[in-house]
1. Can you tell me how many residues within region 111-139 are out of contact with any Gly (no Cβ under 9 Å at 6 or more places or on another chain) and either polar (S, T, N, Q) or closer than 28 Å to R40 by Cα (or both)?
2. Say we look at region 27-43 and pick out the residues that are touching a strand residue (DSSP E or B) at 6+ places or on another chain (Cβ under 7 Å) and part of a loop (DSSP other than H, G, I, E, B); which of these is farthest from R190 (Cα to Cα)?
3. Of all residues being over 26 Å from I225 (Cα atoms) and assigned to a helix (DSSP H, G or I) in region 83-118, which is nearest to the chain's Cα centre (by Cα)? Just the residue, please.
4. Under the condition of being assigned to a loop (DSSP other than H, G, I, E, B) and touching a residue at least 60 places away in the same chain (Cβ under 8 Å), which residue from region 131-144 is farthest from A252 (Cα to Cα)?
5. Being outside any loop (DSSP other than H, G, I, E, B) and crowded, with 19+ Cβ neighbours inside 10 Å is the filter here; which residues of region 145-172 pass it?
6. Of all residues in region 82-111, which are of a type outside the set (A, V, I, L, M, F, W, C), touching a residue at least 12 places away in the same chain (Cβ under 8 Å) and under 27 Å from W239 (Cβ atoms)?
7. Name the residues in region 229-279 that are in a helix (DSSP H, G or I) and either farther than 18 Å from F48 by Cβ or without any contact (Cβ under 8 Å) to a residue 12 or more places away in the chain (or both), would you?
8. Among (1) in contact (Cβ under 8 Å) with a residue 40 or more places away in the chain; (2) in a strand (DSSP E or B), there is one condition A55 misses while meeting the rest; what is its number?
Amino acid sequence: MTNEIYVSTSHGVLAYEESGKSGLPVVLIHGNSSCRDVFRKQLESNLFSDYRLIAVDLPGHGQSEDAINADQTYTLPGLAEAVSELLETIRVSEPVVCGWSLGGHIAIEMLAHSINMRSLLLCGTPPVGKMDGRNNMTEGFNNPPSSLPALGRGMNKSEARSFVGRLFRGTGNDILVEAAVRTDGRFRRRLIESSLAGLGTNQKHTVESAQIPMAIFNGAEDNQIKADFFRTVMFQDLWEDKIHAIENAGHAPFWEQPVDFNLKLGRFLSFARKSMNAR
């Protein structure tokens with residue numbers, strides 16, 4: 001059973017959805033031009049009945065309002081601040097944060113600004129460093145940010161279908177297409193401009209200096225990212241001392257292979273809960 005809730009923040013009204021009402025809070029953050037429905041196969045799984053799953057629609061996405069100040073909000077620091085403000089408002093403390101793609105970069109930005117998270121799971125998120133003060137996107141990604149469609153405007157239905165088809169390897173649905181169409185047309189251009197300008201933390205340094213457990217779940221066939229890059233990251237506390245590759249999955253393994261993904265996620269959450277109880 002899930003329920004949709006709206007919260008007013010300084011970045012606009014944000015929508016989020018909860019599955020379960022008690023237990024360790026687990027925050028799910030979606031990627032660029034998507035929405036919280038991308039985690040439907042986790043929100044409705046019986047595996048997580050003992051946890052409080054919280055899936056957020058980012059500003060300008062899903063059922064959340066467009067940003068009040070696009071220049072401020074549609075940046076990694078702005079998005080991290082918006083999610084952190086929502087969590088503070090609903091009194092969520094020490095969550096496990098699971099970020100997919102852009103959602104993972106937002107989670108790292110939250111970590112850099114001292115949100116007290118229990119542990120962090122990144123999926124399809126290379127924590128790139130900086131070069132000459134700019135985020136070194138080519139370090140971890142195969143495709144340049146400029147390859148995103150409809151920069152500076154909203155996607156039309158045809159562009160959205162192509163975008164979702166590529167990202168989900170033909171397994172997406174109309175809800176994800178509509179989410180891409182709905183995304184604020186100002187979002188992608190501002191996010192890319194600010195990222196290329198170097199706004200935000202050095203994500204590689206932030207991850208390498210973090211003292212919390214981290215898990216990495218990548219699709220074994222994810223052609224959006226450079227899998228070898230993760231071997232250059234010196235994690236302090238990497239769960240099970242390895243990068244977990246989800247077989248027969250691309251950039252969204254939680255969607256393409258939910259059974260395998262959910263089993264691994266369940267084990268990681270159990271580990272995080274035991275770690276919390278042992279304190």
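1. The number of residues fulfilling the criteria is 8.
2. Taking the candidates together, the pick is H30.
3. For region 83-118, the residue satisfying everything is S84.
4. Just the residues of region 131-144 that are assigned to a loop (DSSP other than H, G, I, E, B), to begin with: 132-133, 136, 140, 142-144.
Next cut, touching a residue at least 60 places away in the same chain (Cβ under 8 Å) only: 133, 140, 142-143.
Values: G133: 30, G140: 16, N142: 16, N143: 16 Å.
So the residue we want is G133.
5. Initially, region 145-172 is screened for residues outside any loop (DSSP other than H, G, I, E, B), giving 145-147, 157-167.
Matches in region 145-172: A160, F163, V164, L167.
6. Taking region 82-111 as the starting set, the residues that turn out to be of a type outside the set (A, V, I, L, M, F, W, C) are 84-85, 88-89, 91, 93-95, 99, 101, 103-105, 109.
Add one more test, that the residue is touching a residue at least 12 places away in the same chain (Cβ under 8 Å), and what stays is 84-85, 89, 93-95, 99, 101, 103-105, 109.
Scanning region 82-111 gives S84, S93, E94, P95, G99, S101, G103, G104, H105, E109.
7. So the first thing to find is which residues in region 229-279 are in a helix (DSSP H, G or I), and the list is 229-232, 239-241, 253-256, 258-277.
Listed by number, the residues that qualify are F229, F230, R231, T232, E240, D241, E256, V259, R267, S270, K274, N277.
8. (1)
The values are calculated or read from the model by the stated rules, or taken from the named source; none is laboratory data. Source: prediction; values computed, not measured. Here Cβ is always computed from backbone atoms with ideal geometry, including for glycine, and neighbour counts include all displayed protein chains.
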